[in-house]
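The structure appears below as structure tokens.
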Amino acid sequence: MGEMLLGELRNDVPLVILRPSVVSSTYKEPFPGWIENLRTIDTVFAGYIKGTATCLRGDPDCIMDIVSFPT
């Protein structure tokens, strides 16, 4: 909603919106691969692991930037 508001109010001022990469788990603490709770992309991973996600809808040509640390 904030991005939409900026787009509406910017008038002729150039606007660039930068979004950070999605970090899906920890590197070390409390242990490698720890996920604090299920938000954002983590719910997709959890659904896949549990077998409840039967498909993933999206644009196959879309670039997705995820930082995930191996366990």
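The values are calculated or read from the model by the stated rules, or taken from the named source; none is laboratory data. Keep in mind that what you see is a predicted model, and the values were worked out from it rather than measured. Counting neighbours? That spans all protein chains shown, and the Cβs are built from the backbone with ideal geometry, glycine included.
What the table shows:
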| item | result |
| --- | --- |
| Residue list for segment 27-55, filter: surrounded by 10 or more Cβ atoms within 10 Å (Cβ to Cβ), at pLDDT below 75 and assigned to a loop (DSSP other than H, G, I, E, B) | 27, 33, 35, 38, 40, 41 |
| Segment 1-15 residues that are in contact (Cβ under 8 Å) with a residue 12 or more places away in the chain, paired with ones that are loosely packed, with under 10 Cβ neighbours inside 10 Å and in a loop (DSSP other than H, G, I, E, B) (beta carbon under 6 Å, 6 or more apart) | 3/17 |
| Filtered residues of segment 36-64 (kept if under 13 Å from the mean Cα position of the chain (by Cα) and among the β-branched types (Val, Ile, Thr)) | 40, 41, 43, 44, 63 |
| Options 58, 2; residue that is of a type in the set (Gly, Ala, Ser) and at pLDDT 80 or above | 2 |
